[in-house]
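The values are calculated or read from the model by the stated rules, or taken from the named source; none is laboratory data. Because the structure is predicted, anything quoted here is derived from the model rather than measured. Virtual Cβ from ideal backbone geometry, glycine too; neighbours counted across all protein chains shown. In case anyone asks, the SASA skips ligands and DNA or RNA and just uses the protein heavy atoms, side chains included. Shrake-Rupley method; radii C 1.70, N 1.55, O 1.52, S 1.80 Å.
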Amino acid sequence: MEKELKIMESDEYLPLRDVVFKTLRQAILKGDMEPGERLMEITLANKLGVSRTPIREAIRKLELEGLVHMVPRKGAIVASISEKDMRDVLEVRVTLEELAVKLAIQNMEEPDIDQLRRAAKKFESAVIARDIVDIVEADVMFHDVIYNRTNNGRLIQIINNLREQMYRYRLEYVKDARTHSILISEHQDIITALEKRDVDEAKNAVRQHIINQEKGIVRAIKDR
């Protein structure tokens with residue numbers, strides 16, 4: 001059954017081409033547009049109620065981000081999740097996460113630990129509700145608490161730029177219900193290490209968190 005596609009709400013001052021780009025990008029990242037699916041300009045224009053020009057511009061930007069590939073005689077298609085691309089992204093992420101906990105641990109106070117615990121509880125609630133998108137969003141919120149306590153604006157900016165590329169992989173990982181209890185346990189390990197102000201333990205906890213994610217995504221890719 002074809003999924004409905006609606007143009008996303010956005011700042012009224014944002015150019016239409018950017019709104020269209022964000023709409024298509026979100027649809028790909030959240031799995032509403034699946035790998036291998038063709039991006040037909042006329043069809044998308046009709047669905048979103050826009051002309052073909054912003055659709056064409058959005059597709060070019062999506063291609064630059066690696067979310068779309070141009071295929072001879074087919075045109076634009078949603079890019080498949082590549083094991084190599086995933087490993088490249090996670091390789092960068094693990095380094096940034098280790099730096100983040102190292103910096104955050106210097107600034108963490110009890111209210112911050114409490115905020116982490118609340119974020120972990122929200123994650124557990126999303127797991128119980130079995131809402132995949134909410135599970136991913138709750139995981140993002142958990143890590144955001146740590147990033148914000150680094151007090152390093154440049155690091156946060158870099159992590160936020162990587163976040164969109166990570167979203168597809170996070171989503172793919174949590175589709176497997178077997179990962180949920182692992183993630184809950186890993187979040188607790190991270191909280192414990194930060195509460196103890198143990199840098200090495202915290203770095204090991206986030207590294208294992210990402211290693212397990214990599215293994216889970218590889219398994220998902222191979223099971224297709």
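One table, with the values for the structure above:
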{"item": "Over the stretch 18-121 - Rg/Rh using Cα atoms and the Kirkwood inverse-distance radius", "result": "1.16"}
{"item": "Label-point separation, E110 to E124 (7 Å along Cα→Cβ), nm", "result": "2.1 nm"}
{"item": "Accessible solvent surface per residue of the stretch 63-137, calculated while the other protein chains remain in place, 1.4 angstrom probe, Å²", "result": "57 Å²"}
{"item": "When each of K122/K222; K30/K61; K47/K215; K30/K102; K6/K222 is checked by Cα-Cα distance, pairs over 28 Å", "result": "K122/K222; K47/K215; K30/K102; K6/K222"}
{"item": "Cβ-derived FRET efficiency at R0 41 Å, I42 paired with N148, nearest 0.05", "result": "0.40"}
{"item": "The chain - percent of accessible surface contributed by carbon and sulfur, probe 1.4 Å", "result": "49 percent"}
{"item": "FRET efficiency estimate (nearest 0.05) - Cβ-Cβ, D223 to Q188, R0 35 angstrom", "result": "0.80"}
{"item": "Per-residue SASA entry for M70, accessible area with 1.4 Å probe, Å² rounded to 10", "result": "100 Å²"}
{"item": "Size of electric dipole in the chain: Cβ of Lys, Arg +1 and of Asp, Glu -1, about Cα centre, debye, nearest 20", "result": "800 debye"}
{"item": "Full-extension gain in nm, E195 to Q157, via 0.36 nm per residue minus C-alpha separation", "result": "11.2 nm"}
{"item": "Stretch gain in nm, segment D18-E91, where the contour uses 0.36 nm per residue and the Cα spacing is subtracted", "result": "23.3 nm"}
{"item": "Viscosity 1.002 mPa s, temperature 20 °C, Stokes-Einstein D of the stretch 85-148 from Kirkwood C-alpha radius, µm²/s", "result": "167 µm²/s"}
{"item": "Percent breakdown of C-alpha pair distances by 10 Å bin, ordered from the shortest bin, for the stretch 49-200", "result": "10, 32, 32, 17, 7, 1"}
